[in-house]
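> Dropping the structure in here first, questions after.
The values are calculated or read from the model by the stated rules, or taken from the named source; none is laboratory data. The structure presented is a predicted model; accordingly, all values stated were derived computationally and were not measured. All Cβ positions, glycine included, derive from the backbone under ideal geometry; neighbour counts span all protein chains shown. Ligands, DNA and RNA are excluded from the accessible area calculation, which covers all protein heavy atoms including side chains. Shrake-Rupley method; radii C 1.70, N 1.55, O 1.52, S 1.80 Å.
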Amino acid sequence: MVVDLDRCTGCEACVVACHAENNVPTVGEDQAARGRAMHWIRVERYWEGDFPNPRVRFQPVLCQQCDDAPCEPVCPTYASYHTPEGLNAQVYNRCIGTRFCANACPYNVRFFNFYNPAWDKPLDLQLNPDVSVRSVGVMEKCTFCVQRIKSAEIQAEAEKRDLKDGEFNTACAQSCASKALVFGDLNDPNSEVSRLDRSHRATKLLGELGTKPNVTYLERGSWQDATNG
């Protein structure tokens, strides 16, 4: 995934779309005050300049799907593992809730279920049947909407063809009105996300830690510059 920080307006449509697509519960004001808010993607806000002319900058932060993810080796039950496609996955029925992975993650993008999730009626009717509802005592995180990826792969296999660039998308990228989020196959050098990843504006969040994150951020500049690399 590539995130263009120059295009993000901080509308948080990506956060709402992620909650709806992946059955992410809301915890309420009291639990949020205890630091138990649950968002698989969040939009951080930064201020630049001094009064009376400050400028605000927004940065969406989600699981970076690291190649050398520090959350994986610390899990005693191997609930956190790396898939052949390069995703940092979570097996919920293996997780025993030690929270070692959350302590090891430098991005603070893993969340623990303190309670069994519940939705007031009629919101329970909007749950996505393609995504499991996680129970109390397990860790959860962004999956890059793996259910959409698998659905597209199954369809392509049934039609005996390869996947096409842009054939599937994550909920957050699909809902982004300013097209700040771009999702695709980094292994395909001709894909849009690969072209943007090679931009001179490309940077990694806390890349100096050596986790090899697979989410690229484009620093301030023009979208045309990023596209042309």
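> From the residues in the stretch 45-64 that are hydrophobic (A, V, I, L, M, F, W, C) and more than 30 Å from Val146 (Cα to Cα), which one is farthest from the chain's Cα centre (by Cα)?
Filtering first and then ranking leaves Phe51.
> Scan the stretch 112-132 for residues that are of a type outside the set (S, T, N, Q), open to solvent by 30 Å² or more (accessible area, probe 1.4 Å) and under 27 Å from Asp185 (Cβ atoms) and report the count. If you could, list the steps in order and put the result at the bottom.
Applying the first criterion (of a type outside the set (S, T, N, Q)) to the stretch 112-132 yields 112, 114-115, 117-125, 127, 129-131.
Narrowing the set further to residues that are open to solvent by 30 Å² or more (accessible area, probe 1.4 Å) leaves 112, 114-115, 117-125, 127, 129-130.
Right, trim to under 27 Å from Asp185 (Cβ atoms) and you get 129-130.
Looking only at that region, the number is 2.
> Closer than 27 Å to Asn128 by Cα, in a loop (DSSP other than H, G, I, E, B) and in contact (Cβ under 8 Å) with a residue 12 or more places away in the chain: which single residue out of Cys18, Cys14, Cys75, Cys66 fits that description?
Just a single option satisfies the conditions, and that option is Cys66.
> Then there's this: Considering only residues that are small (Gly, Ala, Ser) and closer than 13 Å to Arg99 by Cα, which ones fall in the stretch 63-81?
Ala79, Ser80
> Just to be sure before I move on: is Ala32 of a type in the set (Gly, Ala, Ser), touching a residue at least 24 places away in the same chain (Cβ under 8 Å) and out of contact with any helix residue (DSSP H, G or I) (no Cβ under 9 Å at 6 or more places or on another chain) in the structure I sent? Please lay out each step first, then the result.
On the way: of a type in the set (Gly, Ala, Ser): yes; touching a residue at least 24 places away in the same chain (Cβ under 8 Å): no; out of contact with any helix residue (DSSP H, G or I) (no Cβ under 9 Å at 6 or more places or on another chain): yes.
Judged against the criteria, Ala32 is not a match.
> Now for a different question. For the stretch 143-183, which residues satisfy the criterion of being open to solvent by less than 20 Å² (accessible area, probe 1.4 Å), touching a residue at least 24 places away in the same chain (Cβ under 8 Å) and small (Gly, Ala, Ser)?
Passing the criteria: Ala171, Ala173, Ala180.
> Can you tell me which residue in the stretch 133-142 is most open to solvent (accessible area, probe 1.4 Å), limited to those that are assigned to a loop (DSSP other than H, G, I, E, B) and closer than 15 Å to Arg94 by Cβ? Lay out the reasoning, then the answer.
The first filter runs over the stretch 133-142 and keeps only residues assigned to a loop (DSSP other than H, G, I, E, B), leaving 133-138, 141-142.
Within this subset, residues satisfying the condition of being closer than 15 Å to Arg94 by Cβ are 134-135, 137-138, 141.
Numbers: Arg134: 9, Ser135: 57, Gly137: 20, Val138: 10, Lys141: 2 Å².
Going through the qualifying residues, I end up with Ser135.
> A follow-up question, please. Can you tell me which residue in the stretch 38-83 is least open to solvent (accessible area, probe 1.4 Å), limited to those that are β-branched (Val, Ile, Thr) and in contact with a helix residue (DSSP H, G or I) (Cβ under 9 Å, 6 or more places away or on another chain)?
First, the residues of the stretch 38-83 that are β-branched (Val, Ile, Thr): 41, 43, 56, 61, 74, 77, 83.
Narrowing further to those that are in contact with a helix residue (DSSP H, G or I) (Cβ under 9 Å, 6 or more places away or on another chain): 41, 43, 74, 83.
Working: Ile41: 5, Val43: 27, Val74: 56, Thr83: 25 Å².
Residue satisfying both the conditions and the ranking: Ile41.
> With Leu186, Leu218, Leu209 as the choices, which residue is open to solvent by 40 Å² or more (accessible area, probe 1.4 Å) and touching a Ser or Thr at 6+ places or on another chain (Cβ under 9 Å)?
That would be Leu186, the only listed residue that is open to solvent by 40 Å² or more (accessible area, probe 1.4 Å) and touching a Ser or Thr at 6+ places or on another chain (Cβ under 9 Å).
> I've got another one for you. Mind listing whichever residues of the stretch 21-37 are in a loop (DSSP other than H, G, I, E, B), among the polar types (S, T, N, Q) and open to solvent by less than 10 Å² (accessible area, probe 1.4 Å)?
Asn23
> Now for a separate question. Which residues, counting only those in the stretch 90-104, are within 28 Å of Val182 (Cα to Cα) and open to solvent by 20 Å² or more (accessible area, probe 1.4 Å)?
Residues satisfying the conditions are Gln90, Val91, Tyr92, Ala102, Ala104.
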